[in-house]
1. Please go through the stretch 18-41 and give me each residue that is among the polar types (S, T, N, Q) and over 18 Å from Lys121 (Cα atoms), ordered by number.
2. Which number in (1) at pLDDT below 95; (2) under 17 Å from Lys2 (Cα atoms); (3) open to solvent by less than 30 Å² (accessible area, probe 1.4 Å) marks the one condition that Leu67 misses?
3. Got at least one residue in the stretch 32-51 being of a type in the set (D, E, K, R), open to solvent by less than 40 Å² (accessible area, probe 1.4 Å) and at pLDDT below 95?
4. Take the residues of the stretch 1-31 that are among the charged types (D, E, K, R) and not in a loop (DSSP other than H, G, I, E, B): which is farthest from Ala118 (Cα to Cα)?
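The values are calculated or read from the model by the stated rules, or taken from the named source; none is laboratory data. Everything quoted here is computed from the prediction, not taken from an experiment. With ligands, DNA and RNA removed, areas are computed over all heavy atoms of the protein, side chains included. Shrake-Rupley method; radii C 1.70, N 1.55, O 1.52, S 1.80 Å.
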Amino acid sequence: MKIAFATQDLARVDAHFGWASNIMVYELTPKGHAFVETFSFGADLQEDGNEDKLGPKVEAIKDCAVLYVAAIGGSAAARVVVNKVHPVRIKEPEPILDILEKMRIVLDGTPPPWLRKALLKGQERQFDFDEEAPDA
């Protein structure tokens, strides 16, 4: 599963999605993580109402299952969710590597429902109606 992080300093989740200078992407498995790519973004990042700045960021994370941010605006969150990316807001700046380790431990155990759903991103959903059929 790919996870994206909005970051200014390339070490912590410390950026508002729309204002982030960088988005770092990692691949996470129950066994560990691997760095995938850093996307860097240019000027006019702090201009409120500039929806053009969101397009490249949404494109950068579209194959990720989870996005960690310090904050995210309503229209940006809607665009992220439409791409089946689950945004997670961090209250205080937190090291990316610490978050990855916490997520790895959760993946290795019993992930919560929202994370199980995120893990299925890109996979075809399968239903076994026989198992869920009520007794007649």
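1. Ser21, Asn22, Thr38, Ser40
2. (1)
3. No.
4. So, considering only residues that are among the charged types (D, E, K, R) and not in a loop (DSSP other than H, G, I, E, B), the one farthest from Ala118 (Cα to Cα) is Arg12.
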